[in-house]
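Asks: Here you go, one structure.
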Amino acid sequence: MTMRFGLYDIPLNDWALNVLKPAEWFVTDDNYKYMHATAVNKKNERDYYVGDDYRKQIMDKGNRHDGFPEVIYSHSFSFNNIHLSDEGKKNVDEIMDRVNDALGSVLANFCLRRNALFSVYPPGGFISWHNNANAAAYNFIFTWSETGEGWFKYWDWKTNSVIEMPDVPGWQCKAGYFGAYRDPKESWCYHAASTDCLRMTIAFTLDRSEMSLGLQNEIMDDLSQ
(Lines give C-alpha, C1' and ligand atoms only; values in the text may rest on other atoms or scores of the structure.)
Protein backbone atom coordinates (compact mmCIF):
# COMPACT_ATOMS: atom_id res chain seq x y z
CA MET A 1 0.00 0.00 0.00
CA THR A 2 1.35 3.44 -0.94
CA MET A 3 1.14 6.00 1.82
CA ARG A 4 2.28 9.50 2.63
CA PHE A 5 4.75 9.95 5.48
CA GLY A 6 5.02 13.20 7.42
CA LEU A 7 2.83 16.28 7.29
CA TYR A 8 2.69 18.99 4.65
CA ASP A 9 1.82 22.69 4.86
CA ILE A 10 -0.84 23.48 2.26
CA PRO A 11 -1.15 27.16 1.23
CA LEU A 12 -4.82 28.09 1.09
CA ASN A 13 -6.31 29.94 -1.86
CA ASP A 14 -9.15 32.48 -1.71
CA TRP A 15 -11.77 29.79 -2.43
CA ALA A 16 -10.66 27.70 0.55
CA LEU A 17 -10.52 30.74 2.83
CA ASN A 18 -14.06 31.69 1.79
CA VAL A 19 -15.34 28.17 2.55
CA LEU A 20 -13.75 28.27 6.01
CA LYS A 21 -14.97 31.80 6.80
CA PRO A 22 -18.27 30.75 8.50
CA ALA A 23 -16.33 28.79 11.12
CA GLU A 24 -14.83 32.04 12.39
CA TRP A 25 -18.15 32.68 14.13
CA PHE A 26 -16.92 30.44 16.95
CA VAL A 27 -13.93 32.68 17.71
CA THR A 28 -15.97 35.89 17.47
CA ASP A 29 -17.42 37.51 20.62
CA ASP A 30 -16.39 34.49 22.72
CA ASN A 31 -19.06 32.30 21.12
CA TYR A 32 -16.89 29.25 21.78
CA LYS A 33 -17.55 29.71 25.51
CA TYR A 34 -21.05 28.30 25.04
CA MET A 35 -19.24 24.99 25.40
CA HIS A 36 -17.46 24.12 28.62
CA ALA A 37 -13.70 23.71 28.39
CA THR A 38 -12.47 20.14 28.77
CA ALA A 39 -9.64 19.17 31.15
CA VAL A 40 -9.63 22.51 32.94
CA ASN A 41 -8.08 20.75 35.92
CA LYS A 42 -5.03 19.95 33.76
CA LYS A 43 -4.51 23.40 32.25
CA ASN A 44 -1.53 24.18 34.49
CA GLU A 45 0.21 20.98 33.38
CA ARG A 46 0.57 21.99 29.74
CA ASP A 47 4.37 21.99 29.70
CA TYR A 48 4.41 18.38 30.84
CA TYR A 49 1.80 17.01 28.42
CA VAL A 50 3.36 18.70 25.36
CA GLY A 51 6.94 18.19 26.53
CA ASP A 52 9.62 15.69 25.58
CA ASP A 53 9.42 13.57 28.74
CA TYR A 54 5.74 12.83 28.18
CA ARG A 55 6.31 12.28 24.45
CA LYS A 56 8.96 9.68 25.22
CA GLN A 57 6.59 7.91 27.62
CA ILE A 58 3.89 7.71 24.94
CA MET A 59 6.32 6.54 22.25
CA ASP A 60 7.87 3.95 24.57
CA LYS A 61 4.44 2.37 25.01
CA GLY A 62 4.42 1.33 21.35
CA ASN A 63 1.09 -0.26 20.48
CA ARG A 64 0.04 -0.18 24.14
CA HIS A 65 -0.81 3.48 23.53
CA ASP A 66 -4.44 3.47 22.36
CA GLY A 67 -3.95 6.44 20.02
CA PHE A 68 -6.19 8.89 21.89
CA PRO A 69 -4.79 12.06 23.48
CA GLU A 70 -4.88 11.77 27.26
CA VAL A 71 -5.56 15.48 27.79
CA ILE A 72 -7.18 18.16 25.63
CA TYR A 73 -7.64 21.57 27.20
CA SER A 74 -10.10 23.13 24.77
CA HIS A 75 -13.73 23.96 24.07
CA SER A 76 -14.88 20.99 22.01
CA PHE A 77 -17.67 21.15 19.43
CA SER A 78 -17.52 17.44 18.62
CA PHE A 79 -21.05 16.12 18.27
CA ASN A 80 -20.31 13.12 20.48
CA ASN A 81 -18.69 15.19 23.21
CA ILE A 82 -20.70 18.36 23.70
CA HIS A 83 -20.29 20.30 26.95
CA LEU A 84 -22.96 22.96 27.33
CA SER A 85 -22.81 25.78 29.83
CA ASP A 86 -26.01 27.03 31.44
CA GLU A 87 -26.04 30.03 29.13
CA GLY A 88 -25.42 27.82 26.13
CA LYS A 89 -28.42 25.62 26.91
CA LYS A 90 -30.72 28.57 26.20
CA ASN A 91 -29.17 29.00 22.78
CA VAL A 92 -28.40 25.41 21.84
CA ASP A 93 -30.64 25.32 18.76
CA GLU A 94 -29.07 28.43 17.25
CA ILE A 95 -25.54 27.29 18.11
CA MET A 96 -25.95 23.82 16.66
CA ASP A 97 -27.52 25.26 13.50
CA ARG A 98 -24.44 27.40 13.06
CA VAL A 99 -22.17 24.41 13.72
CA ASN A 100 -24.06 22.33 11.18
CA ASP A 101 -24.01 25.11 8.59
CA ALA A 102 -20.28 25.68 9.01
CA LEU A 103 -19.35 22.01 8.95
CA GLY A 104 -21.80 21.24 6.17
CA SER A 105 -20.26 23.91 3.99
CA VAL A 106 -16.76 22.57 4.52
CA LEU A 107 -17.80 18.94 4.09
CA ALA A 108 -19.66 19.59 0.87
CA ASN A 109 -16.94 21.68 -0.73
CA PHE A 110 -14.00 19.49 0.27
CA CYS A 111 -15.80 16.17 -0.36
CA LEU A 112 -14.75 15.09 3.14
CA ARG A 113 -17.16 13.04 5.18
CA ARG A 114 -15.76 12.68 8.66
CA ASN A 115 -15.22 15.58 11.04
CA ALA A 116 -12.57 14.19 13.41
CA LEU A 117 -12.06 17.30 15.53
CA PHE A 118 -13.68 20.68 16.01
CA SER A 119 -12.17 22.54 18.94
CA VAL A 120 -11.33 26.04 20.07
CA TYR A 121 -8.28 26.30 22.31
CA PRO A 122 -8.17 29.28 24.67
CA PRO A 123 -4.82 30.92 25.41
CA GLY A 124 -2.89 28.19 27.22
CA GLY A 125 -4.86 25.47 25.47
CA PHE A 126 -3.21 22.29 24.24
CA ILE A 127 -3.59 18.69 23.11
CA SER A 128 -1.18 16.15 24.58
CA TRP A 129 1.14 13.87 22.60
CA HIS A 130 -0.68 11.01 20.85
CA ASN A 131 -0.70 9.33 17.44
CA ASN A 132 -4.30 8.55 16.32
CA ALA A 133 -3.24 4.97 15.52
CA ASN A 134 -6.76 3.97 16.55
CA ALA A 135 -8.20 6.04 13.67
CA ALA A 136 -5.73 5.62 10.80
CA ALA A 137 -6.62 7.85 7.86
CA TYR A 138 -5.52 10.43 5.34
CA ASN A 139 -6.39 13.76 6.86
CA PHE A 140 -6.61 17.52 6.60
CA ILE A 141 -6.10 19.75 9.64
CA PHE A 142 -7.36 23.32 9.26
CA THR A 143 -6.13 25.72 11.94
CA TRP A 144 -7.11 29.31 12.66
CA SER A 145 -4.91 31.33 15.02
CA GLU A 146 -5.62 34.78 16.41
CA THR A 147 -2.00 35.98 16.51
CA GLY A 148 0.10 32.96 15.46
CA GLU A 149 1.39 32.32 18.99
CA GLY A 150 1.00 28.57 18.84
CA TRP A 151 2.44 25.47 17.23
CA PHE A 152 1.90 21.91 16.04
CA LYS A 153 4.71 19.42 16.66
CA TYR A 154 5.20 15.91 15.33
CA TRP A 155 7.86 13.22 15.49
CA ASP A 156 9.83 12.79 12.27
CA TRP A 157 11.17 9.26 11.89
CA LYS A 158 13.63 10.24 9.16
CA THR A 159 15.56 12.63 11.40
CA ASN A 160 14.53 11.09 14.75
CA SER A 161 13.58 14.53 15.95
CA VAL A 162 10.58 16.70 16.73
CA ILE A 163 9.44 18.96 13.88
CA GLU A 164 7.69 22.17 14.89
CA MET A 165 5.18 23.77 12.53
CA PRO A 166 4.49 27.29 13.86
CA ASP A 167 0.99 28.72 13.64
CA VAL A 168 0.40 31.84 11.57
CA PRO A 169 -2.27 34.48 12.11
CA GLY A 170 -5.46 33.38 10.35
CA TRP A 171 -5.93 30.07 8.56
CA GLN A 172 -3.46 27.39 7.56
CA CYS A 173 -3.77 23.73 6.55
CA LYS A 174 -1.76 20.56 7.09
CA ALA A 175 -2.25 17.29 5.23
CA GLY A 176 -0.82 13.87 5.91
CA TYR A 177 -1.47 10.32 7.04
CA PHE A 178 -1.95 8.97 10.56
CA GLY A 179 -0.83 5.35 10.42
CA ALA A 180 -2.16 2.32 12.27
CA TYR A 181 0.10 -0.03 14.19
CA ARG A 182 -0.15 -2.55 11.34
CA ASP A 183 1.40 0.09 9.03
CA PRO A 184 5.13 0.84 8.80
CA LYS A 185 6.44 2.56 11.91
CA GLU A 186 7.36 5.60 9.83
CA SER A 187 3.65 6.34 9.43
CA TRP A 188 2.94 6.50 13.17
CA CYS A 189 2.40 10.22 13.53
CA TYR A 190 3.04 11.23 17.13
CA HIS A 191 1.92 14.83 17.52
CA ALA A 192 0.88 17.55 19.95
CA ALA A 193 -0.24 21.18 19.77
CA SER A 194 -0.29 24.20 22.05
CA THR A 195 -1.14 27.90 21.90
CA ASP A 196 -0.73 31.15 23.82
CA CYS A 197 -3.55 32.82 21.85
CA LEU A 198 -7.02 31.85 20.72
CA ARG A 199 -6.77 28.90 18.28
CA MET A 200 -9.32 26.80 16.41
CA THR A 201 -8.76 23.41 14.79
CA ILE A 202 -11.09 21.62 12.38
CA ALA A 203 -9.84 18.23 11.21
CA PHE A 204 -11.32 15.98 8.54
CA THR A 205 -10.38 12.46 7.51
CA LEU A 206 -10.83 10.28 4.47
CA ASP A 207 -9.89 6.63 4.98
CA ARG A 208 -6.66 4.68 4.56
CA SER A 209 -7.13 3.40 1.00
CA GLU A 210 -4.96 4.22 -2.03
CA MET A 211 -8.05 5.87 -3.53
CA SER A 212 -8.03 8.29 -0.59
CA LEU A 213 -4.36 9.07 -1.22
CA GLY A 214 -5.29 10.09 -4.75
CA LEU A 215 -8.27 12.09 -3.50
CA GLN A 216 -6.07 13.80 -0.93
CA ASN A 217 -3.73 14.90 -3.72
CA GLU A 218 -6.67 16.31 -5.70
CA ILE A 219 -8.03 18.18 -2.68
CA MET A 220 -4.58 19.62 -1.93
CA ASP A 221 -4.54 21.01 -5.48
CA ASP A 222 -8.06 22.44 -5.09
CA LEU A 223 -7.10 24.15 -1.82
CA SER A 224 -3.92 25.76 -3.06
CA GLN A 225 -4.16 26.46 -6.79
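The values are calculated or read from the model by the stated rules, or taken from the named source; none is laboratory data. Since the model is a prediction, treat every value here as computed from it, not as a measurement. In this analysis, Cβ positions are derived from the backbone assuming ideal geometry, glycine residues included, and neighbour counts consider all displayed protein chains.
Asks: Condition test on Thr201, is it under 13 Å from the mean Cα position of the chain (by Cα) and at pLDDT 80 or above? Break it down stepwise before answering.
Replies: Numbers: under 13 Å from the mean Cα position of the chain (by Cα): yes; at pLDDT 80 or above: yes.
So Thr201 passes the test.
Asks: Scan segment 148-180 residue by residue and report those that are among the aromatic types (Phe, Trp, Tyr) and in contact with a His (Cβ under 9 Å, 6 or more places away or on another chain).
Replies: Phe152, Tyr154, Trp155, Phe178 - these are the residues of segment 148-180 that are among the aromatic types (Phe, Trp, Tyr) and in contact with a His (Cβ under 9 Å, 6 or more places away or on another chain).
Asks: What number of residues within segment 132-170 satisfy the criterion of being more than 22 Å from Ala37 (Cα to Cα) and either outside any strand (DSSP E or B) or among the aromatic types (Phe, Trp, Tyr) (or both)?
Replies: Within segment 132-170, residues that are more than 22 Å from Ala37 (Cα to Cα) and either outside any strand (DSSP E or B) or among the aromatic types (Phe, Trp, Tyr) (or both) number 14.
Residue-by-condition table, conditions (1) within 25 Å of Glu24 (Cα to Cα); (2) surrounded by 16 or more Cβ atoms within 10 Å (Cβ to Cβ); (3) hydroxyl-bearing (Ser, Thr, Tyr):
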residue	(1), (2), (3)
Pro122	yes, yes, no
Gly125	yes, yes, no
Asn132	no, yes, no
Thr147	yes, no, yes
Phe152	yes, yes, no
Ile163	no, no, no
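Asks: Another one. Filter segment 34-64 down to the residues that are under 17 Å from Lys185 (Cβ atoms), assigned to a helix (DSSP H, G or I) and charged (D, E, K, R) and list them by number.
Replies: As a first pass, look at segment 34-64 and keep what is under 17 Å from Lys185 (Cβ atoms): 55-56, 58-64.
If we keep only those that are assigned to a helix (DSSP H, G or I) too, we end up with 55-56, 58-60, 62-64.
Within segment 34-64, Arg55, Lys56, Asp60, Arg64 meet the criteria.
Asks: Could you look through segment 6-26, keep only residues that are part of a helix (DSSP H, G or I) and in contact with an Asp or Glu (Cβ under 8 Å, 6 or more places away or on another chain), and pick out the one that is surrounded by the fewest Cβ atoms within 10 Å (Cβ to Cβ)? Spell out how you get there, then give the answer.
Replies: Initial filter on segment 6-26 (part of a helix (DSSP H, G or I)): 14-26.
If we keep only those that are in contact with an Asp or Glu (Cβ under 8 Å, 6 or more places away or on another chain) as well, we get 15-16, 22.
On the way: Trp15: 13, Ala16: 21, Pro22: 16.
Per the stated criteria, the residue is Trp15.
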